[in-house]
Amino acid sequence: MKFSRIFAVLTAVAVGLPCGARANYPVYPGYQPAVQAYPAPPVNVQMAGYQQPVVTQQYAPAAAQPARVTGQLPPVGSNANIAGRQYYRPADFDRLADSGLYIGLSVGYTISVAGGITADYARQPNAWFVPGAFAQANYKTDTVLPLQMSVGAAINNDIRVDFSYTRYGGISYPDHVRSSDGMGGFIDVVATGGGITASATMLNLYYNLDSYTGYIAGGALRPYVGVGAGISTNTISDYLVYDNSFYSEVPVGTPSPAGKLTAISDIYAYHAGGTMEQLAYMLEGGVTAELEGGLKMDFFVRYSGLGKVQNSGSIVVSQTEWLGTGIGNIGGAGAEEMAPYDSVFHYTNWRESGNLSMLDAGVRLRLQF
């Protein structure tokens with residue numbers, strides 16, 4: 001009997017401990033047990049007297065479906081917004097983009113050649129003995145077709161850079177120059193030779209302007225501007241200046257002393273050419289058109305300042321001299337005779353030079369990689 005009471009007390013303690021622990025678990029105000037959104041399927045247990053509980057599944061509410069966009073998308077640059085988004089046609093967008101490396105080849109036509117030749121030695125003593133361009137002499141130009149090769153890349157959709165090599169030809173020393181007559185005036189003399197070439201290597205920067213100007217022809221044309229700087233190698237070939245004037249050294253009517261120099265005629269001046277390296281720059285504006293196969297075509301107008309053209313300063317002068325005969329007075333018959341020799345003089349550091357600048361219009365074909 002005693003053992004039965006002890007066992008009953010221990011049983012009550014064992015059963016009461018879990019209940020007390022469950023009651024002591026903190027319950028927060030407003031707490032609701034979580035609802036399983038997708039409960040596991042119930043297991044059918046076949047037991048005598050057992051009835052399958054009914055489980056109600058609860059699901060989170062479905063999100064609202066976004067509005068469906070239908071119809072043709074608006075073109076590039078359209079301000080129309082559909083469902084809060086801006087749409088672009090990838091084909092049109094890519095067509096307007098500059099990206100990747102490219103090589104270019106251009107040909108132009110020189111509208112104007114500015115500058116000319118002057119004699120740097122014009123103020124030197126006895127300068128009139130050297131036929132040359134003592135007064136301004138404009139360049140002679142045939143058809144000048146500058147050729148250019150370029151290699152570059154686009155930095156982004158608006159900016160690109162390239163290295164270019166441009167060669168100019170078809171320019172020369174003028175056919176006639178104004179040379180001093182030794183008495184403060186100038187006369188026309190004949191010049192031959194003196195071909196001029198310029199080879200300019202530049203680093204160029206170009207910027208597309210359609211962000212300011214808007215699309216031209218529906219985006220098919222993109223206006224741009226460009227600047228460049230580099231080195232131009234300017235060369236002038238040898239040339240000959242001929243003066244067929246008769247220069248009297250003794251006043252007409254004075255006695256003709258025998259053997260004395262009385263006049264000079266038929267002056268030939270051989271001018272050695274030269275090459276100079278000069279700082280050069282260019283300014284360019286134009287429009288770019290898109291072609292198939294990654295080709296782009298630039299229609300441009302370009303101004304190039306190529307620096308100075310200058311010869312070497314070496315001039316060899318050959319002239320015919322006339323001597324008095326001692327007969328009568330100068331200007332009379334038989335008072336002068338041609339010397340049996342030609343006098344030759346060599347002048348050094350007597351340079352002729354002039355600035356050279358070009359205004360070109362042309363087209364450039366670029367292959368985009």
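Go through the stretch 250-267 residue by residue and turn each phi into a ³J(HN,Hα) via Karplus (6.51, -1.76, 1.60, θ = phi - 60°); whole Hz please, and just put x for glycine and proline.
10, x, 5, x, 7, x, 9, x, 5, x, 8, 5, 10, 7, 9, 8, 6, 8
Mind listing the phi-derived Karplus ³J(HN,Hα) values for the stretch 336-345, rounded to whole Hz, using 6.51, -1.76 and 1.60 with θ = phi - 60°, and x for any glycine or proline?
So the J values, rounded to whole Hz, are 9, 9, 6, 5, x, 9, 10, 7, 10, 10.
Treating cross-link reach as a plain straight distance, find the aspartates and glutamates whose alpha-carbon is under 14 Å from the alpha-carbon of Lys140, omitting any fewer than eight places away in the same chain.
Partners within reach: Asp175.
Rounded to the nearest 0.05, what FRET efficiency do Asn329 and Ser265 give with R0 = 25 Å and r taken as the Cβ-Cβ distance? Could you check?
0.85
If the chain between Ala229 and Lys308 were fully stretched, how many nm would it gain, using 0.36 nm times the residue separation less the Cα-Cα distance?
26.9 nm
If you bin every alpha carbon distance in the stretch 88-241 into 10 Å steps from zero, what whole percent lands in each bin?
The calculated distribution, bin by bin, is 9, 27, 22, 17, 12, 8, 3, 1.
Would you mind checking which residues have amide H under 5 Å from His176's amide H? H placed 1.01 Å from N; only 5 or more apart, or other chain.
Close amide H contacts, sequence-distant or interchain: Ala191.
Need the full-extension length gain, Val363 to Leu295, defined as separation in residues times 0.36 nm minus the C-alpha distance. One decimal, nm.
23.2 nm
If amide hydrogens are placed 1.01 Å from N in the peptide plane, which non-local residues have theirs closer than 5 Å to the one on Ala133?
So Ala133 has HN proximity to Ala119.
By accessible area of protein heavy atoms, probe 1.4 Å, what ranking do Lys140, Lys260 get, highest first?
Lys260, Lys140
Between Val252 and Ile216, what is the label-point separation in nm under the 7 Å Cα-to-beta-carbon projection?
6.5
So, how do all the Cα-to-Cα distances of the stretch 171-284 break down into 5 Å bins, in percent, from 0 on up?
Final binned percentages: 2, 9, 11, 11, 9, 9, 9, 8, 7, 6, 5, 4, 3, 2, 2, 1, 1, 0.
Taking the stretch 227-300, which chymotrypsin sites (Phe, Trp or Tyr not before Pro) meet the DSSP loop condition and have no more than 14 other C-beta atoms within 10 Å?
Here no loop site has a sparse enough neighbourhood.
Computed FRET efficiency, Cβ-Cβ of Leu283 and His346, R0 35 Å: what is it to the nearest 0.05?
According to the calculation, E is roughly 0.25.
R0 = 41 Å: FRET efficiency of Met149 with Val316, Cβ-based, nearest 0.05?
So, using R0 = 41 Å, E works out to roughly 0.60.
Taking θ = phi - 60°, what integer Hz values does the Karplus form 6.51 cos²θ - 1.76 cosθ + 1.60 yield along the stretch 311-325, in sequence order, with x for Gly and Pro?
Using θ = phi - 60°, the values come out as 7, 7, x, 9, 10, 10, 10, 10, 9, 8, 10, 10, 10, x, 9 Hz.
Can you tell me how much longer the chain between Gln136 and Glu337 gets when fully stretched, taken as 0.36 nm per residue apart minus their C-alpha distance, in nm with one decimal?
Contour length minus the Cα-Cα distance gives 68.8 nm.
Please list, in chain and number order, the residues 5+ apart from Ile330 or on another chain whose amide H is under 5 Å from its amide H, with Hs placed from the backbone.
Result for Ile330 returns Gly253, Thr254, Ser256.
Using every alpha carbon pair in the stretch 240-295, what percent of pairs falls into each 5 Å bin from 0 up to the bin containing the largest distance?
4, 10, 10, 10, 8, 7, 7, 7, 6, 6, 6, 5, 4, 3, 3, 3, 2, 0
Hey, can you find the accessible area per residue of the stretch 113-187 for me, probe 1.4 Å, expressed in square angstrom?
49
The values are calculated or read from the model by the stated rules, or taken from the named source; none is laboratory data. These numbers were taken from a predicted model, which means no experiment stands behind them. Cβ: placed from backbone, ideal geometry, glycine included. Neighbour counts: every protein chain shown. Remember, those area values only see protein heavy atoms, side chains included, never the ligands or the DNA or RNA. Shrake-Rupley method; radii C 1.70, N 1.55, O 1.52, S 1.80 Å.
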